[in-house]
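Colleague: First the structure, then my questions, so here it is.
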Amino acid sequence: MMNRNLAMLLLLAVAPAVYADVTPSSSSGAWQGLRATYYGNKEIGEVDEKLMSLAAPASTPDPSATPVTIRFGTQAAGKVKQVRLIIDHNPSPVAATMQLEQGVPIDEIELRIRVDRATSVRAIAELDDGTLEMRSAWVNASGGCSSPPSAAGAGALGDVRFRPGADGKALQVSLRHPNNSGFQIDPISGDAIPPHYVLHMRLRSGEQTLLDADTGISLAENPTVRIASEQSLKGPLTLEAVDSKNERYEATWNSATTAKSGGR
Amino acid sequence: MGIVLRFWSSSPRRTRCSLVVSSLRTLCAITVLSFAGQAAAAAEAVTIDQVAPGVFVHAGKQLPLDAPGHDDIANIGFIVGTRCVAVIDTGGSVRIGRALRAAIRQHTALPVCYVINTHVHVDHVLGNAAFRDDKPQFVGHAQLGAALARSRAFFLREFAGDFDAPASADQIVGPDLEVKDVLELDLGDRKLKMRAWPPAHTDCDLTVFDETSGTLWTGDLLFRERIPVLDASAIGWLSAIEELGKIPAKTIVPGHGKVGHDLAFAFAPERRYLQILVTAVRADLAEGKSLNEVAVAMQVAAAEKSHWLLWDSAHAHNVARVYQELEWE
């Protein structure tokens, strides 16, 4: 018996206070570099919970697929231009950069990420007036970038699964894809497998874009986006995606069906 | 290590200690272990029970993976024929592997011809290196080599202290005899039937059945007392349990927990837990719940938690793995 994050889970259970103290300084080095690259000297607000919040498990049950939820408050919903999700200590820190269409009432975005080791995870939103807001969370994990592919048997590359929430106000979209980080090991050669990952995902309603995301290897296998709204989500909703081998995937959901629509 | 093992083998105290509740038992082990650090690496033998004629088991302790003694949590042991010895799993450190080897030498002078690993997990394989000088064939599931290659960096980073210093990748010994489906090994008047399973607990589970004594060595396809940990496929695991239930086994050696003599009884709690888990996750999926909101599945806790040791170390992990398996149904 053994599970990859068990040791870290237990470490956390023993010493949460220590981690809390260590958090800001230990991640600041990585973050300062990323901040300079993406946001220069612009001020970033970190206070107003009514504007935005970020939820991530303090110690992730599955480091290779850790759910992270970004929620926008009433002050922000419909006014967010861009949200970037950054995992400070991952080999590839930027998990996704998402452009949101203004006026589109998305209140919540959930992504699944790989977490290679204990790190800050942060979401930085740019509002329509140009102001920046950031929320972060500390996640304990180990090995999320080198863990084996899941053994789930069903589904083939490019399958798309839409899973609407019971209240009709949430929709989860998953693309069957290895989203291979390149840090996994080829069992035959012992070499690192070259990355094969989803570069871009776009969700649209008819011709109106809801969410347009540049994605990377820090998204989990079978890249999954879940959006939620105060309003009912109505089909048809279409996912378009393209990966690093320039393969294109597309599938459409109609509200009436829990579609198992195929891709490509 | 040696001091601990002597402690556990001194029978009056061992009896008393193993009868108290698990937390006290853990405390006993940890307290004693703090003195064990200075013990020489010279191979002190692990405690061994003969659970069937010629079948020897060292009982792993029900400790978390980061506790002192975490390298000694799996059931490991050996089976003796008239020609040679087969080792089944080698423990979570080279030190434990060496202590198992010393225990073998107390019972037989026959050579070790096979070292069989039931799967990739660290607590079952890191002792392999202690047997290299015996030049056995290392036997495992056809996927074991790949799984070990994937785990190499992880083992070296997280379990460096369980290797001989300095920790190095060459101490992770993979199989040179691979089992794709079934394979029979002859120890001399004793045949072992190996069976490789589709993804279940891991993607490289192997079981061993000794027809002579009717002993089934399940590896981690059977957890008793300790919460099962799911890495590969809950559906696959339940199918494997179904199949294993048909084996006419008189003695069952689980990967963790007590040796049993009633196959259906031994598997019942694990099967129940996995079935409840699958049913609960399916209910959450049908409700459109995200991986973050698997409320029904986590509530399995209410009914099952009291039945298992180390619940918090694995239940949420199991829920997450089952969710990702079943969401593509």
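Read the figures in this text as sums done on the coordinates, not as results from a lab. No experiment lies behind these values; they were computed from the predicted model shown. Quick reminder, even Gly has a Cβ in these numbers, built from the backbone with ideal geometry, and neighbours come from all protein chains shown.
Colleague: Taking other Cβ within 10 Å of each residue's Cβ, how do A:Ser232, B:Ser93, A:Ser136 sort, fewest first?
Modeller: By the 10 Å Cβ count, ascending, the order reads A:Ser232, A:Ser136, B:Ser93.
Colleague: So if R0 is 51 Å, what FRET efficiency would A:Glu230 and B:Ile247 give, r being the distance between their Cβ atoms, rounded to the nearest 0.05?
Modeller: The value I calculate is 0.35.
Colleague: Please compute the average number of Cβ atoms from other chains found within 10 Å of each residue's Cβ in peptide A:61-69.
Modeller: Average neighbour count from other chains, rounded to a whole number: 5.
Colleague: Arrange the peptides A:61-72, B:102-113 so that the one whose residues have, on average, the most other Cβ atoms within 10 Å appears first.
Modeller: Ranked from most to least packed, the peptides come out as A:61-72, B:102-113.
Colleague: Another one. Before anything else, pin down the relative contact order of the stretch B:41-264: Cα pairs under 8 Å, at least 6 apart, normalised by residue count, whole percent.
Modeller: Dividing the mean separation by the residue count of the stretch B:41-264 yields 17 percent.
Colleague: Around B:Ser93, with a cut-off of 11 angstrom between Cβ atoms, what is the net charge of the other residues, counting Lys and Arg +1 and Asp and Glu -1?
Modeller: Every neighbour counted, the sum reads -3.
Colleague: To the nearest 10 degrees, how steep is helix B:234-244 against the longest Cα principal axis of chain B, on a 0 to 90 scale?
Modeller: Its long axis makes an angle of about 50 degrees.
Colleague: Evaluate the distance, in nm, between pseudo-label points positioned 7 Å from the Cα of B:Asp312 and of B:Phe154 along their respective Cα→Cβ axes.
Modeller: Calculated label separation equals 2.3 nm.
Colleague: A further question on this structure: What net charge is computed for the residues neighbouring B:Leu206, neighbours being all others with C-beta under 12 Å from the C-beta of B:Leu206, Lys and Arg scored +1, Asp and Glu -1?
Modeller: Working: positive: B:Lys180, B:Lys193, B:Arg195; negative: B:Asp89, B:Glu178, B:Asp181, B:Asp203, B:Asp205, B:Asp220.
Around B:Leu206, the charge tally is -3.
Colleague: Could you give the length gained on full extension between A:Tyr39 and A:Leu157, defined as 0.36 nm per residue of separation minus the Cα-Cα distance, in nm?
Modeller: In short, 38.9 nm is gained.
Colleague: Amide H of A:Asp116 versus every other amide H placed in the peptide plane: which residues, excluding those fewer than 5 positions away on the same chain, fall under 5 Å?
Modeller: Residues meeting the criterion, in which the H sits 1.01 Å from N, are A:Gly144, A:Cys145.
Colleague: What ranking do B:240-251, A:35-46 get when scored by the average of other Cβ atoms within 10 Å per residue, highest first?
Modeller: In decreasing order of mean packing, B:240-251, A:35-46 become B:240-251, A:35-46.
Colleague: Would you mind giving the mean number of other chain beta-carbons within 10 Å of the Cβ of each residue in B:291-297, as a whole number?
Modeller: Other-chain Cβ atoms within 10 Å of each residue's Cβ, averaged: 4.
Colleague: If you don't mind, there's one more thing I want to ask. May I ask you to list the lysines whose Cα is less than 28 Å away from that of B:Lys305, ignoring any residue fewer than eight positions away on the same chain?
Modeller: In chain and number order, the partners are B:Lys61, B:Lys258, B:Lys289.
Colleague: Averaged over A:110-118, how many beta carbons belonging to a partner chain fall within 10 Å of each residue's beta carbon? List each step's numbers first, then the result.
Modeller: Working: counts 4, 0, 5, 0, 0, 0, 0, 1, 0.
Per-residue shielding by partner chains comes out at 1.
Colleague: Give me the net charge for the shell around B:His141: Cβ to Cβ below 15 angstrom, other residues only, Lys and Arg +1, Asp and Glu -1.
Modeller: On the way: positive: B:Arg150, B:Lys180, B:Lys193, B:Arg195; negative: B:Asp89, B:Asp176, B:Glu178, B:Asp181, B:Asp203, B:Asp205, B:Asp220, B:Asp231.
Charge balance in the 15 Å sphere: -4.
Colleague: To continue, here is another question. For B:Gln299 and B:Asp189, compute 0.36 nm times the residue count separating them, minus their Cα-Cα distance, and round to one decimal in nm.
Modeller: Computed gain between B:Gln299 and B:Asp189 is 34.5 nm.
Colleague: Would you mind classifying the stretch B:41-264 by shape? Square roots of the alpha carbon gyration tensor eigenvalues, ordered a ≥ b ≥ c; an a/c under 1.5 is rounded, otherwise it is prolate if a/b is larger than b/c and oblate if not. Present the calculation step by step, with values, prior to reporting the outcome.
Modeller: On the way: a/c = 1.36, a/b = 1.10, b/c = 1.24.
Judged from the Cα gyration tensor, the stretch B:41-264 comes out rounded (a/c under 1.5).
Colleague: Give me the angle, in degrees from 0 to 90, between the Cα long axis of helix B:295-304 and the longest principal axis of the Cα atoms of chain B, rounded to the nearest 10.
Modeller: Its long axis makes an angle of about 50 degrees.
Colleague: What angle do you read, to the nearest 10 degrees and between 0 and 90, between the alpha-carbon axis of helix B:94-107 and the longest principal axis of chain B?
Modeller: The two axes meet at around 60 degrees.
Colleague: Here is a follow-up. Using Cα positions and a limit of under 28 Å, work out the lysines in reach of B:Lys135, with same-chain residues fewer than 8 apart set aside.
Modeller: Filter leaves B:Lys180, B:Lys191, B:Lys193.
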